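The values are calculated or read from the model by the stated rules, or taken from the named source; none is laboratory data. Model, not experiment: these values are computed from the prediction. Ideal geometry is used to build each Cβ from the backbone, glycine not excepted, and the neighbour counts take in all protein chains shown. Each accessible area value is taken on the protein alone, full model and side chains, heavy atoms only, with ligands, DNA and RNA left out. Shrake-Rupley method; radii C 1.70, N 1.55, O 1.52, S 1.80 Å.
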Amino acid sequence: MNFDLTDEQSEIKGTAKQFMADRFKPEKVRELAEARAYDDSLYAQMAELGWPGIAVSEDDGGQGLGLVELAVLLEEAGYACAPSQLLGSAGAALVITAAGSPEQRAEWLPRLASGEATGAFGAIGPAAGGEDESTLFCDLPTADVAVVFDAEGALLAPAGELDFEAVEAIDATRSYATISAPAGERMPGDAGAGRDRLAVAIAAELTGIGQRAMEMAVEYARERKQFDRAIGSYQAVSHRCAAMLLGVEESRSLTYYAAWAADAEPESLPLAAAMVSARAADAAWETTASALQVFGGIGFTWEHDLQFWLKRSRVAGRMLGTPGEHRDRVAELAGLGAGSAAGAPA
Amino acid sequence: MDLSLTESEAAFRDEVRIWLKENHPGPVPEGDDAAEFEFRRAWQKEMHEAGWTGVSWPEEFGGRGASLIEQAIFNEELAYGSVPPPANVLGLVMGGPVVIAHGTTEQKERFLEPILSGEEIWCQGFSEPESGSDLASIKSRAVKSNGGWKITGQKVWTTYAHEAKYCMFLARTDPDAPKHRGITYFILEMDQPGVEVRPLRQITGEAEFNEIFLEEAQVPDENVIGEVGGGWQVAITTLMFERAGLGAVAVVGLRRTLEDLIALVREKGLESDPLIRQRIAEFQIGIEAMRLGALRTLTATMKTGIPGPEGSLGKWQWGKYNQAMTEMASEVAGPAGVTVGTDASYRFLRSRANSIEGGTTEVLQNIIAERVLGLPKLR
């Protein structure tokens, strides 16, 4: 038993951290967010490194590594709040790998892995919490292909076949859209497993978002002085920061456990994915919101960068359902039986 | 990253499991504290003869030389099998490891074997009425007296004091030194005229702990652990071993509490109540996060050799989730939840101490803020 990254995984983490720090500095994040745009040349560099297909099998044109490796990358992408097509594309590829037919895999996985095509995902109908409801589809306005979860499982649709409307979400670091009706070709495989794997990928990004917001708050609490003392020396502030660490570490432990289980112990994945979906969403939101409180007034200004992490955490934490819905699923799997979907609070 | 057991870890677990199955001593006799303690002492002797005490101690000191992961597996198996704890818990978890880390060769030869066998029980004399969280402010005073020390003072929250042969005792030896430097770590013999033990009754009605009063109690020089004036560092080692050693067992206990709570919720027909479902899910998630965090800490400790300040997170989680679960159980149980003598009311009241004993939640948060996050100290 060894709950730590391998040397190879640590190397991937180091490369990703450096890449993100060099290319997605806060001023770059702001520039892209204010333009609501991606930098295609940067995505091309990520594709060159094999990132969109890191968890896609070599037969399908990917790197043949696992969900842990993808989680490592997405944690760093969340840490940088990098505007890019990585989550939509790698996320769609996870679902196509788990649920796609041989033809669907052959058509889309090599192109997603190489960066030639980009992907999107979202849900409609009861899978999104209401009859005609659509979730905010991640990356759809810019994507070539989308995974659509519906009541029966998952469909695969070229973006041109979907009737969608771009939405300006509060998170300006990514593109989003809603769809008016399900469309596309049914994926015959295990859509539930695909959705669970995707949930872990999102949780990894949320973990990185929380980590960065905590570091920003701690750094500020060390330097900002009021009443002639660093505010981080007051327990009302330092204990707030300690609570951030608790949340972020719970999120990280559950993320890497679920990522490991997806590949090594798939029977544990449904519960692991439901647990981390709820915890990672709450921890990222609570941490970014608590960081804003540490910053005080300055954190509430448009000029301050924290807003990008705060807003992304709120949207990413609800892509596949609310934390309340995920907890209801946890309760079911923990032995309380199925609840009524209408009864699950947000 | 690989969370499955290695072949040798799985073989170790199977060996533990088989031995426990064949040698399980049965349930602890209830209602008579002295009889219960003697039962656990006899059980420890049996474990010791089969080589199952001090599992992670080095072999040269009578241990099994197992890894920390194997120690955790061993503790989990004890907890899963509802096996009674050995009598000398504090000696095994804290006293022995401290003697191994800071003791002289003579002290190792003198003290370790009887700790393992349970022949000599240990207790811990750290907290005082005026020194709780601020442990370094202790006032118990030790003065030099031909070939040894005479100690006068008072300790509180001393578990097993009435059964113990020795007490891990912190006393001030230099009142003029800065408070962290004037403290010395003694091994105090309990059975002597200068030591009086009084039971301390708590809000549950029982007396799990004691107070001890010392009036010129004697300790020979050879019972000082570490340097005179160097007791603070030795004490910190003790506390880190305490937090590191109990994580795996604590998780098993929390899981059992959650299982009982789920059974109670079903018995009351509340399993589709949305608010109850949300809270049960929060406990399930929190306990799993704590289990995984403990495994990460173990992996890190095996690399560095010493438990780090991150261990404070686990203690914090334990208190938080146990209190929340026992509160909910007391509520779901209805009048029985607040009736004297019920399991629900006992657990609910006992859990009030969880955020105080072994480091208050506030002190743990200070440790995390200062030593993990690098925030400035309060002072």
Condition set farther than 15 Å from A:ALA71 by Cβ and open to solvent by 40 Å² or more (accessible area, probe 1.4 Å), scope the range A:16-25, selection farthest from the other protein chains (Cβ to nearest Cβ): answer is A:ARG23
Flagged in the range B:335-355 as more than 14 Å from chain A (Cβ to nearest Cβ) and touching a residue at least 12 places away in the same chain (Cβ under 8 Å), in numbering order, are B:VAL340, B:ALA344, B:SER345, B:TYR346, B:ARG347, B:PHE348, B:LEU349, B:ARG350, B:SER351, B:ARG352, B:ALA353, B:ASN354
| message | With the structure loaded, tell me whether B:PHE283 is within 14 Å of chain A (Cβ to nearest Cβ) and in a helix (DSSP H, G or I) or whether it fails that test. | response | yes
Of those in the range B:7-45 that are more than 25 Å from the chain's Cα centre (by Cα), within 14 Å of another protein chain (Cβ to nearest Cβ) and open to solvent by 60 Å² or more (accessible area, probe 1.4 Å), the residue farthest from B:VAL83 (Cα to Cα) is B:GLU7
Here the residues within the range A:175-189 that are part of a strand (DSSP E or B) and touching a helix residue (DSSP H, G or I) at 6+ places or on another chain (Cβ under 8 Å) are A:TYR176, A:ALA177, A:ILE179, A:GLU185
Filtering strands (runs of 3 or more DSSP E) wholly in the range B:140-256 for at least 2 residues that are of a type in the set (D, E, K, R) gives B:141-145, B:148-156, B:195-200, B:209-220
Test for B:GLU288: is it open to solvent by less than 20 Å² (accessible area, probe 1.4 Å), within 11 Å of another protein chain (Cβ to nearest Cβ), among the acidic types (Asp, Glu) and in a helix (DSSP H, G or I) = yes
A careful count of residues in the range A:131-145 that are open to solvent by less than 20 Å² (accessible area, probe 1.4 Å) and either among the acidic types (Asp, Glu) or on the phi > 0 side of the Ramachandran plot (or both) gives 1
Reported set for the range B:127-171 where residues are among the β-branched types (Val, Ile, Thr) and farther than 30 Å from B:ASN366 by Cα is B:VAL143, B:ILE151, B:THR152
Note: among A:GLU223, A:GLU215, A:GLU185, just one is farther than 11 Å from A:VAL294 by Cβ, away from chain B (no Cβ under 14 Å) and not hydrophobic (A, V, I, L, M, F, W, C), namely A:GLU185
Every listed condition ((1) in a helix (DSSP H, G or I); (2) within 14 Å of another protein chain (Cβ to nearest Cβ); (3) free of Cβ contacts under 8 Å to residues at least 24 places away in the same chain) holds for B:SER4 save (1)
Checked the range A:289-310 for anything out of contact with any helix residue (DSSP H, G or I) (no Cβ under 7 Å at 6 or more places or on another chain) and buried (at least 20 other Cβ atoms within 10 Å of the Cβ); matches are A:GLN307
**Message:** Regarding the range A:5-15, can at least one residue be identified that is more than 30 Å from B:GLU9 (Cα to Cα) and surrounded by fewer than 24 Cβ atoms within 10 Å (Cβ to Cβ)?
**Reply:** yes
How many residues of the range A:258-287 are over 12 Å from A:GLY317 (Cα atoms), in contact (Cβ under 8 Å) with a residue 12 or more places away in the chain and not hydrophobic (A, V, I, L, M, F, W, C)? The answer is 4
Being part of a helix (DSSP H, G or I), among the small types (Gly, Ala, Ser) and surrounded by 19 or more Cβ atoms within 10 Å (Cβ to Cβ) narrows A:ALA55, A:ALA82, A:ALA92 down to just A:ALA92
Per the filter on the range B:142-161, residues surrounded by 15 or more Cβ atoms within 10 Å (Cβ to Cβ) and either farther than 30 Å from B:ASP33 by Cα or among the small types (Gly, Ala, Ser) (or both) are B:ALA142, B:GLY148, B:TRP149, B:LYS150, B:GLY153, B:ALA161
